[in-house]
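Asks: Please read through the structure below; I'll follow up with questions.
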Amino acid sequence: MDIRVVEGNIAEIEASAVVVNIFEGVTEPGGAAAEIDKKLDGAITALVADGEIKGKRGEFTLIHTLGRLPATRVVVAGLGKSDDLTLDVVRGVAGGAGRFVRSKHVASFASVLHGAGAGGIDAEDCAQAMAEGTVMGLYRFDKYKSKSDTDPVEEITLVTLSGDGIGQIESRVEKGEIIAEAVALCRDMSNEPANTMTPTAMAEHALEVARDTGMEIEVLDRDKMAELGMGSLLGVAQGSSEPPKLIVLKYHGDPDDEDNSLGILGKGITFDSGGLDIKGAAGMLTMKGDMAGGASIIGAMGAIARIKPKVNVVGIVPATENMPGGKAQRPGDVVRAMNGKTIEIGNTDAEGRLVLADAVCYARSLGLTRLVDVATLTGAVVVALGDLAIGAFGNNREWTDQIIEAGANVGERIWELPTYPEYQRQYRSDIADIKNTGERGGGAITGAMIIGEFADDAAWAHLDIAGTAKTSRNSGYTPKGATGTPVRTLVELAESVSSS
């Protein structure tokens, strides 16, 4: 897909379709929509008066121009109420508009910069949001279908009235495409079936990202992990015939200051059967996506390496299956993590915290003091927050706030839950240092805190994406399936650390 930026009047653009917008409650269109309305003899105004166009967010209306414009179709996109306009609204409208236009079998279209100049939104920010939203909204995973439902959109033209600053707008469009492509990679990996997205395949995707960006990469195998004492990760892996991998990507954005560093870690369980504490059939159906946290790390690292913030970033993905079998770990087993801490297995289906325990230990062995891990960790966080917010847990107020702010800046909602020390009693063990399970109440909290036990004095936060990693409906820039969250938050976080 090619996105280009041109200066001009969208009413004079020759295209299969042009997209303009209108706010909710407006009786007459303004700006570019007004120019189009004049050419169409007041058709938009008439449709507003008739109530067919209301301007509600995500509403799209198709008008055939019948030769009155160089473009053959006009799409009027609703932006919602003007007071509610944000960059994330722009992203969502751009994504929805792209899918709407594609459904009309249009291979290329032009669009105004939705909301530029309104609500304090400048053209550069708007252009990046539109590039992100359009590319993410047009995403689809159909590689296993014999025939696609619609043809792809091949070209998009963003039209700005003024040529001033067009170079900056083009630069921000390129950045938006980079970020959206990173989200698409995360979605692709998460949407793949487990018989193709194995730990080895995850490592191959990471190798490809490293080759494309010049990043340093190391993939640790079972023997190397055993040598390092990663008994917690290897305990999960021992029930599967698929070999585990610890994927380590390194971006050196500030080589003169090794202390200016960030560690991002992601759970890479490529299929989670629950182990010997096996899940029910319905619970296993979506478990191919239990590696979404790891996929988000690989996607984010690719974008970070291309955007080049001045910070050193290490991405770590412990990748394995969690399967039952003659060699699978049992409830009641005790494993020893890389730092020597012992863990009693209370439930083999609480495996994400086990693989991340050794990943955090490894990050600490590299000297990383700012850490964030990402995982589809608990069903409990879905009960608490549904599918609209990521659960956050941390041990450092300033660091957790910075992560939450990074999410807010890109439209990914993150809500913090407490990590009171009194919760620790839930995972005390009679025979080991800790258990890998707590009690039923506060399950998302204790799951996170078990990972935090291995962070020592590093500033650490955990993002539980169990509710937000996938969606069952098309909405804005997020089609049905894997969402690619929180790739954009991680990229924004790296940039915020770079500028802090």
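Asks: Only one of (1) within 18 Å of residue 121 (Cβ to Cβ); (2) modelled with pLDDT of 95 or more; (3) open to solvent by 10 Å² or more (accessible area, probe 1.4 Å) fails for residue 82. Which number is that?
Replies: (2)
Asks: Got a number for residues in the range 200-228 being open to solvent by less than 30 Å² (accessible area, probe 1.4 Å) and either more than 20 Å from the chain's Cα centre (by Cα) or of a type in the set (S, T, N, Q) (or both)?
Replies: Selection size over the range 200-228: 3.
Asks: Of the numbered conditions (1) in a loop (DSSP other than H, G, I, E, B); (2) of a type in the set (S, T, N, Q); (3) farther than 21 Å from residue 90 by Cβ, residue 468 satisfies every one except a single condition; which is it?
Replies: (3) is the only condition that residue 468 fails.
Asks: Next question. Go over the candidates 383, 334 one by one and state the one that is farther than 30 Å from residue 243 by Cβ and open to solvent by 40 Å² or more (accessible area, probe 1.4 Å).
Replies: When all the criteria are applied, what remains is 383.
Asks: Return the only residue of 49, 107, 97 being among the small types (Gly, Ala, Ser), out of contact with any helix residue (DSSP H, G or I) (no Cβ under 9 Å at 6 or more places or on another chain) and under 28 Å from residue 175 (Cβ atoms).
Replies: When all the criteria are applied, what remains is 107.
Asks: Say whether the condition of being out of contact with any Phe, Trp or Tyr (no Cβ under 9 Å at 6 or more places or on another chain), open to solvent by less than 60 Å² (accessible area, probe 1.4 Å), on the phi < 0 side of the Ramachandran plot and in a strand (DSSP E or B) is met by at least one residue in the range 65-75.
Replies: Checking the range 65-75: at least one residue is out of contact with any Phe, Trp or Tyr (no Cβ under 9 Å at 6 or more places or on another chain), open to solvent by less than 60 Å² (accessible area, probe 1.4 Å), on the phi < 0 side of the Ramachandran plot and in a strand (DSSP E or B).
Asks: Looking at the range 481-494, is at least one residue surrounded by fewer than 24 Cβ atoms within 10 Å (Cβ to Cβ) and part of a loop (DSSP other than H, G, I, E, B)?
Replies: Taking every residue of the range 481-494 in turn, none turns out to be surrounded by fewer than 24 Cβ atoms within 10 Å (Cβ to Cβ) and part of a loop (DSSP other than H, G, I, E, B).
Asks: Right, another one. What is the residue count in the range 89-125 for residues that are assigned to a helix (DSSP H, G or I), of a type outside the set (Val, Ile, Thr) and over 12 Å from residue 58 (Cα atoms)?
Replies: So the answer is 5.
Asks: Further question: With the structure loaded, tell me whether residue 43 is closer than 25 Å to residue 99 by Cβ, touching a residue at least 60 places away in the same chain (Cβ under 8 Å), open to solvent by less than 40 Å² (accessible area, probe 1.4 Å) and of a type in the set (A, V, I, L, M, F, W, C) or whether it fails that test.
Replies: Against the criterion (closer than 25 Å to residue 99 by Cβ, touching a residue at least 60 places away in the same chain (Cβ under 8 Å), open to solvent by less than 40 Å² (accessible area, probe 1.4 Å) and of a type in the set (A, V, I, L, M, F, W, C)), residue 43 does not qualify.
Asks: Within the range 97-119, count every residue that is closer than 16 Å to residue 2 by Cα, open to solvent by less than 10 Å² (accessible area, probe 1.4 Å) and at pLDDT below 95.
Replies: Looking only at that region, the number is 1.
The values are calculated or read from the model by the stated rules, or taken from the named source; none is laboratory data. Keep in mind that what you see is a predicted model, and the values were worked out from it rather than measured. We place every Cβ from the backbone using ideal geometry, glycine too, and count neighbours over all the protein chains shown. Heads up: the accessible areas ignore ligands, DNA and RNA and are worked out on the full protein's heavy atoms, side chains in. Shrake-Rupley method; radii C 1.70, N 1.55, O 1.52, S 1.80 Å.
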